[in-house]
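These notes concern the structure reproduced below.
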Amino acid sequence: MDHKTFYIDGAFVAPLTARDFAVENPATEEIVTQISLGTAADVDRAVAAAKSAFPGWAATPLSERRACVVRLLEIYKARYEEMAQAITTEMGAPISMSRAQQADTGVGHVEGFLEALDAMEWEWQLPNGDTLMREPIGVVGLITPWNWPMNQIALKVIPALLTGCTCVLKPSEIAPLSAMLYAEMIHEAGFPAGVFNLVNGDGPEVGAALSRHPDIAMMSFTGSTRAGAAVTSDAAESVKRVTLELGGKSPNLVFADCDLETQVAASVAECMNNTGQSCDAPTRLIVEASVYDKVVALAQAAAEATVVGDPTQEGDHIGPLVSALQWDRVQTLIQAGIDDGARLIAGGTGKPEGLNRGHYARPTVFADVTPDMRLWREEVFGPVLVITPFEDEAEAIALGNDTPYGLAAYVQTGDPARARRVAKGLRAGMVHLNGAPHNYGSPFGGYGQSGNGREGGLLGLEDFTEVKAVHGL
């Protein structure tokens with residue numbers, strides 16, 4: 001593939017203006033390819049194609065739209081290893097993790113959407129006799145991040161296509177390879193021209209052009225809270241729908257009655273997974289005071305046992321951060337923890353021993369972190385865990401909710417009644433009890449500055465539709 005092309009109106013086309021951008025392998029700091037950054041004029045072309053294709057695609061029988069997505073899923077499964085390798089190359093996820101988690105989202109989410117689609121009501125009657133109908137919202141703009149590239153693409157592109165919307169995707173310019181590979185698969189699956197379009201570019205140019213475009217009915221964005229606010233502001237003039245999946249600073253409440261050895265080790269591993277570059281990572285370990293010292297020791301041991309290494313090698317190690325910019329940000333926040341007086345018990349600033357090339361960071365844990373510290377409040381997006389004690393259940397919930405975010409929360413306890421009470425008390429869109437994973441088909445999203453709307457399953461489909469009330473039918 002010529003990575004400098006865009007996918008518009010059913011074909012790979014050259015940009016109107018050449019704006020080369022180097023794509024780096026974060027493990028080696030080598031340039032792996034060049035893409036082109038689009039302009040507002042490229043966005044206009046893509047939106048025009050999507051607008052032209054919308055009436056026909058919206059009128060296509062649901063069974064045919066579903067069949068197109070099933071064909072895409074079959075192609076994806078056949079080219080699964082290509083996708084895993086692309087993700088490892090572009091953002092440094094270790095290949096075993098890419099296969100088991102990153103690339104797997106392109107299968108699991110699609111299957112979850114297909115199952116939800118089969119149960120979705122498109123027309124129903126109210127008790128007052130009026131009829132409600134669901135219809136596709138129209139042309140949608142999709143902006144996806146670099147940290148879970150295929151995960152977010154599947155969570156946006158698939159519900160758009162299934163519900164009858166047409167779309168323009170802007171993937172992260174840092175990690176565009178997986179998105180361009182997916183465009184190849186969509187082309188191979190035989191979707192009508194203009195139904196799916198892809199324009200590479202940065203946020204200030206292409207992202208803003210999408211958000212402001214009068215012919216786009218909805219923006220679906222995943223990324224930082226700051227960038228999400230910019231999308232919302234840009235979209236305001238045209239009063240389009242905006243759904244946002246943003247940052248997080250997820251609490252992990254550890255009670256003395258849980259299996260400490262198992263749950264603390266698993267909690268550290270979950271925090272370090274994807275090199276900490278997950279919006280829902282459990283980065284604040286909030287621990288019952290009676291077992292605090294024991295948990296600190298267990299967390300220290302788990303962090304010190306976390307291996308950092310070459311992402312092309314198989315294994316359960318973690319890889320590099322995605323870029324030099326991200327590495328610098330993580331280092332700044334680790335130093336802030338030291339400066340603020342938190343107790344460093346594992347890791348610290350700098351690169352792991354023997355890894356001088358590549359954007360590798362040390363798995364880091366701080367104890368005795370207090371709510372006035374930067375590490376308590378700011379999303380690090382790196383392999384950094386903070387620990388603080390609590391005295392009772394009420395304080396645990398209060399500390400857990402002491403954040404402007406509300407994406408995920410985690411609870412470790414052997415008491416089912418407590419688990420239910422605490423889960424209800426936590427202001428978060430998702431609560432994981434004793435290591436329970438997020439399942440495909442369940443809604444993903446959060447409260448507060450973690451965004452609005454939900455992705456995945458039935459609620460993820462509904463976000464791409466309008467509801468029409470018909471009186472007197």
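What about A119, is it more than 21 Å from M218 (Cα to Cα) and either surrounded by fewer than 23 Cβ atoms within 10 Å (Cβ to Cβ) or out of contact with any Cys (no Cβ under 7 Å at 6 or more places or on another chain) (or both)? Break it down into steps so the answer makes sense when it comes.
Working: more than 21 Å from M218 (Cα to Cα): yes; either surrounded by fewer than 23 Cβ atoms within 10 Å (Cβ to Cβ) or out of contact with any Cys (no Cβ under 7 Å at 6 or more places or on another chain) (or both): yes.
Criteria met by A119.
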Condition check for E74: surrounded by fewer than 22 Cβ atoms within 10 Å (Cβ to Cβ), in contact with a Leu (Cβ under 8 Å, 6 or more places away or on another chain) and of a type in the set (D, E, K, R): no
One residue from P282, P363, P320, P311 being closer than 26 Å to S96 by Cα, in contact with a Cys (Cβ under 6 Å, 6 or more places away or on another chain) and crowded, with 17+ Cβ neighbours inside 10 Å: P282
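In region 219-242, how many are surrounded by fewer than 22 Cβ atoms within 10 Å (Cβ to Cβ) and under 20 Å from the mean Cα position of the chain (by Cα)? Steps first, please.
First, pick out the residues of region 219-242 that are surrounded by fewer than 22 Cβ atoms within 10 Å (Cβ to Cβ): 224-227, 229-230, 232-234, 236-239, 241-242.
Within this subset, residues satisfying the condition of being under 20 Å from the mean Cα position of the chain (by Cα) are 224-227, 229-230, 232, 241-242.
The qualifying residues number 9.
Taking T17 as the residue in question, decide whether it is at pLDDT 95 or above, surrounded by fewer than 18 Cβ atoms within 10 Å (Cβ to Cβ), of a type in the set (S, T, Y) and under 17 Å from E173 (Cβ atoms).
Values: at pLDDT 95 or above: yes; surrounded by fewer than 18 Cβ atoms within 10 Å (Cβ to Cβ): yes; of a type in the set (S, T, Y): yes; under 17 Å from E173 (Cβ atoms): yes.
Taking the combined requirement at face value, the residue satisfies it.
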A86 vs. criteria surrounded by 15 or more Cβ atoms within 10 Å (Cβ to Cβ) and within 30 Å of D316 (Cα to Cα): yes
Any hit, region 345-357, residues being within 26 Å of the chain's Cα centre (by Cα) and closer than 28 Å to V422 by Cβ: no
Qualifying residue in region 370-378 (condition: surrounded by fewer than 14 Cβ atoms within 10 Å (Cβ to Cβ), among the β-branched types (V, I, T) and under 26 Å from A336 (Cα atoms)): yes
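Pick out, from region 1-81, the strands (runs of 3 or more DSSP E) lying fully within it that include 1 or more residues that are not hydrophobic (A, V, I, L, M, F, W, C).
On the way: elements: 6-8, 11-13, 20-25, 30-36.
The strands (runs of 3 or more DSSP E) meeting that bar are 6-8, 20-25, 30-36.
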Evaluation of E261 against (1) buried (at least 24 other Cβ atoms within 10 Å of the Cβ); (2) among the charged types (D, E, K, R); (3) free of Cβ contacts under 8 Å to residues at least 40 places away in the same chain (one fails), failing number: (1)
Residues within region 428-473 that are over 17 Å from the mean Cα position of the chain (by Cα) and among the small types (G, A, S), tallied: 4
Residues that are part of a loop (DSSP other than H, G, I, E, B) and under 20 Å from C165 (Cα atoms), drawn from region 444-473: G453, R454, G456, D463, F464
Inter-residue pairs, beta-carbon under 8 Å, first more than 16 Å from R284 (Cβ to Cβ) and in region 402-425, second modelled with pLDDT of 95 or more and of a type in the set (S, T, Y), 6+ apart: A419/T413
Residue in region 225-239 that is touching a residue at least 40 places away in the same chain (Cβ under 8 Å), at negative phi, not in a helix (DSSP H, G or I) and not assigned by TED's automatic domain parsing to the domain that holds T283 present: no
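Pick from region 323-339 the residues that are touching a Leu at 6+ places or on another chain (Cβ under 7 Å) and farther than 18 Å from A27 by Cβ: which of them is surrounded by the most Cβ atoms within 10 Å (Cβ to Cβ)? Spell out how you get there, then give the answer.
Quick first cut of region 323-339, residues touching a Leu at 6+ places or on another chain (Cβ under 7 Å) only: 327, 330, 333, 336-338.
Of the ones still in play, those that are also farther than 18 Å from A27 by Cβ are 333, 336-338.
Numbers: L333: 19, A336: 15, G337: 24, I338: 14.
The selected residue is G337.
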Residues of region 285-295 satisfying the condition of being buried (at least 22 other Cβ atoms within 10 Å of the Cβ) and in a helix (DSSP H, G or I): V295
Odd one out for A93 among (1) hydrophobic (A, V, I, L, M, F, W, C); (2) without any contact (Cβ under 8 Å) to a residue 60 or more places away in the chain; (3) assigned to a loop (DSSP other than H, G, I, E, B): (2)
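Results for (1) over 19 Å from the mean Cα position of the chain (by Cα); (2) modelled with pLDDT of 95 or more; (3) farther than 24 Å from F444 by Cα, shown as yes or no for each residue.
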| residue | (1), (2), (3) |
| --- | --- |
| P159 | no, yes, no |
| K170 | no, yes, no |
| I174 | no, yes, no |
| L177 | no, yes, yes |
| M185 | yes, yes, yes |
| A193 | yes, yes, yes |
Options R374, R427; residue that is farther than 28 Å from G350 by Cα and not aliphatic (A, V, I, L, M): R427
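For (1) touching a strand residue (DSSP E or B) at 6+ places or on another chain (Cβ under 6 Å); (2) more than 29 Å from M373 (Cα to Cα), each residue gets a yes or a no:
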position: F191; (1), (2): no, yes
position: P204; (1), (2): no, yes
position: P214; (1), (2): no, yes
position: G223; (1), (2): no, no
position: A235; (1), (2): yes, yes
position: V239; (1), (2): no, yes
position: E270; (1), (2): no, no
position: D280; (1), (2): yes, no
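Kindly indicate whether G341 is outside the structural domain of T89 (by TED's automatic domain parsing), part of a loop (DSSP other than H, G, I, E, B), touching a Pro at 6+ places or on another chain (Cβ under 9 Å) and more than 17 Å from A266 (Cβ to Cβ). Talk me through it step by step, then tell me what you get.
Values: outside the structural domain of T89 (by TED's automatic domain parsing): yes; part of a loop (DSSP other than H, G, I, E, B): yes; touching a Pro at 6+ places or on another chain (Cβ under 9 Å): no; more than 17 Å from A266 (Cβ to Cβ): yes.
It is false that G341 is outside the structural domain of T89 (by TED's automatic domain parsing), part of a loop (DSSP other than H, G, I, E, B), touching a Pro at 6+ places or on another chain (Cβ under 9 Å) and more than 17 Å from A266 (Cβ to Cβ).
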Flag if A299 is buried (at least 18 other Cβ atoms within 10 Å of the Cβ), among the aliphatic types (A, V, I, L, M) and not in a loop (DSSP other than H, G, I, E, B): yes
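The values are calculated or read from the model by the stated rules, or taken from the named source; none is laboratory data. This is a predicted model, so every value here is computed, not measured. Neighbour counts run over all protein chains shown; Cβ positions are idealised from the backbone, glycine included.
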